Amino acid sequence: MSGNTLGLLFAVTTFGESHGPAIGCVIDGCPPGMALSEADIQPDLDRRRPGTSRHVTQRQEADQVEILSGVYEGKTTGTPIALLIRNTDQRSKDYGNLLDTFRPGHADYTYWRKYGLRDPRGGGRSSARLTAPIVAAGAVAKKWLNQQHGVTVRACMTQLGSITIPFQSWDVVEQNPFFAPNADIVPELEAYMDALRKSGDSVGARLMVTASGVPAGWGEPLYDKLDADIAHALMGLNAVKGVEIGAGFASVTQKGSEHGDALTPQGFVGNNAGGVLGGISTGQDIVAQIAIKPTSSIRLPRPSMTRSGEATEVVTHGRHDPCVGIRATPIAEALLAIVLIDHALRHRAQCGGQV
């Protein structure tokens with residue numbers, strides 16, 4: 001299987017399966033000399049891990065990260081950093097009925113058609129469990145970006161199903177299980193999710209991820225555009241079906257006089273560009289939004305077929321998120337941070353950090 005690595009100079013390669021003994025990643029290209037320990041990484045993993053509220057999967061994983069290499073006497077050495085997260089709460093028996101059938105909306109069918117076989121336990125390699133190592137790598141990237149350039153990467157939920165979440169403040173995002181930037185709407189979100197969970201169905205979500213403090217000049221024109229790489233990375237997140245940069249699809253109805261961000265001696269008047277022009281950062285906030293589809297694994301009966309082509313019905317057992325978007329906030333942050341550190345290092349390599 002190819003396609004397991006994200007990044008060029010800061011390259012993150014993940015490994016493992018949902019119900020294997022462990023998952024993890026190797027980070028190649030992290031600059032040397034940065035203080036790094038498990039304590040720098042664990043907080044973001046705690047934000048993503050399952051079982052943190054009644055609104056997410058009740059799989060109980062501590063997601064304790066172990067640094068196996070690349071750090072000596074508390075500092076990165078410039079050599080590959082190997083991060084390991086052990087799986088401790090697998091229930092493979094929950095997937096016994098899926099060996100010969102396919103869950104609608106899941107990667108079961110396509111993995112089987114591509115490889116001729118698949119790991120049905122929790123989705124195997126296609127499981128969102130594999131986002132934990134990305135969050136771990138993203139924590140390393142976020143620390144370097146903040147120390148070297150003052151960059152802050154943040155994300156929040158802006159819509160849950162049909163409920164739009166008006167932005168109130170970044171300060172409340174970490175104070176509720178939805179990563180919602182609005183404290184007043186949390187009771188409505190909780191009631192909505194309680195009813196959804198009882199029904200056995202699932203729902204999608206919309207998230208916004210931003211980076212402030214990004215210098216102007218990062219990114220490459222044409223085929224390695226900063227916004228193209230951001231979209232590529234965010235589309236690699238499980239269940240993402242849409243990515244917007246800046247005004248996104250709203251730009252279709254905007255006039256040129258409205259969409260083009262006017263420049264003044266004091267800076268840009270707006271940020272419809274989402275912080276990127278011509279594939280290169282403008283110095284404004286990087287702003288992206290992602291649309292996450294409803295969870296494919298649901299308790300409601302769904303029509304499907306067997307490997308021999310016979311019609312059947314599938315009911316997915318096990319422990320699943322009624323909305324995978326709830327735990328996607330730290331993952332989106334990690335992916336954006338990995339793209340940004342990669343482009344920061346590429347800019348330094350080409351321009352020497354002088355521009």
Q | Relative packing of 30-38, 303-311, which averages over residues the other C-beta atoms within 10 Å, highest first | A | 30-38, 303-311
Q.
At 222 nm, what value in deg cm²/dmol follows for the chain if DSSP H runs of at least 4 each add -39500 (n - 2.57) and the sum is divided by all its residues, to the nearest 500?
A. -8000 deg cm²/dmol
Q: Highest first, please rank the peptides 217-223, 110-116, 155-161 by the mean number of other Cβ atoms sitting within 10 Å of their residues.
A: 155-161, 217-223, 110-116
Q: When a/c is below 1.5 the answer is rounded, else prolate if a/b is larger than b/c, else oblate, so apply that to the stretch 170-242 with a ≥ b ≥ c taken from the square roots of the Cα gyration tensor eigenvalues.
A: oblate
Q: Among L300, P21, A328, flag the residue with its Cα farthest along the positive direction of the charge dipole of the chain, charges on Cβ as +1 for Lys/Arg and -1 for Asp/Glu.
A: L300
Q.
Rounded to whole Å, give me the distance from the Cα center of the stretch 286-355 to that of the stretch 154-204.
A. 18 Å
Q: With 29 Å as the limit, write out which pairs from K225/K293; K142/K255; K114/K143; K142/K293 have Cα-Cα distances beyond it, or answer none.
A: K142/K255; K114/K143
Q: Could you please tell me the mean projected area of the C-alpha convex hull for the stretch 92-351, averaged over all directions and given in square nanometres to one decimal?
A: 16.7 nm²
Q.
Above 17 Å lies some portion of the pair distances; for the stretch 250-329, what is it as a whole percent of all C-alpha pairs?
A. 68 percent
Q) Which value, in debye to the nearest 20, describes the size of the charge dipole of the stretch 119-188 about its Cα centre when Lys and Arg Cβ atoms bear +1, Asp and Glu Cβ atoms bear -1, and nothing else is charged? A) 460 debye
Q. By the gyration tensor of its Cα atoms, with a ≥ b ≥ c the square roots of the eigenvalues, what is the shape of the stretch 202-339: rounded for a/c under 1.5, prolate for a/b over b/c, or oblate?
A. prolate
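Only the coordinates and a few stated rules stand behind these numbers; no lab work does. Note that the structure is predicted; figures quoted are calculated from it, not measured. Using ideal geometry, Cβ is built from the backbone for each residue, glycine included, and neighbour counts are taken over all protein chains shown.
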